[in-house]
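Read the structure below first, then the notes.
The values are calculated or read from the model by the stated rules, or taken from the named source; none is laboratory data. Just so it is clear, the structure is predicted and the values come from calculations on it, not from any experiment. Backbone-built Cβ (ideal geometry, glycine too); neighbour counts: all protein chains shown.
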C-alpha cells in the first residue's frame, strides 16, 4: 500500500513539473513561430516587389511606353499577392521624356504595416520594403 501512494505522488509531481515547463516554454515558442512567419512574409513581399519593378522596367524600356502603363503593370503584379497600398515611382518621372538608351528606374515602396499579418508584432510599423530596378531604354531605330 505504501508503494502505490508514493508512486501516485511521484507521478503527480512529474505531471505538475511538465505543466509548469510547458507554461514557461510555450509562449516563447509561439512568439518565435509568429516571428518566423512574419519574417517569411516580409521576404516574400520583398521578392514580389522586386519582381514587380522588373516587370515595370520591362514595360518602361519600350519606345512607346507611358508612365501610367508602367505604374499599372507594377500594381497588377503586386495585386497578385494582395498588395494594394504601394508607392510606385519612375525616374524620370515622365517616361515619355526619357531619351533612347537612357536609364529608366522603377521604384516601389510598401509600408510594412499594410502587409503584416500580426500588426505591431515585430515593431517595424514605420519601416518600408523598397525594391528598385533599372534598365536601359530601347531606341526607335
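Listed by first and then second residue, the pairs with beta-carbon distance under 8 Å, at least 6 apart or on different chains, first residue in segment 37-49 and in contact (Cβ under 8 Å) with a residue 40 or more places away in the chain, second part of a helix (DSSP H, G or I) and crowded, with 18+ Cβ neighbours inside 10 Å, are 42/112; 49/78. Restricting attention to segment 41-94 and to residues that are touching a strand residue (DSSP E or B) at 6+ places or on another chain (Cβ under 7 Å) and assigned to a loop (DSSP other than H, G, I, E, B), the residue that is farthest from residue 128 (Cα to Cα) turns out to be 61. Here 96, 84 are screened, and the one residue that is more than 30 Å from residue 32 (Cβ to Cβ), exposed (fewer than 12 other Cβ atoms within 10 Å of the Cβ) and in contact (Cβ under 8 Å) with a residue 24 or more places away in the chain is 96.
Among what's in segment 87-101 and is modelled with pLDDT of 90 or more and within 15 Å of residue 57 (Cβ to Cβ), pick the residue that is farthest from the chain's Cα centre (by Cα). Ranking the qualifying residues of segment 87-101, first place goes to 92.
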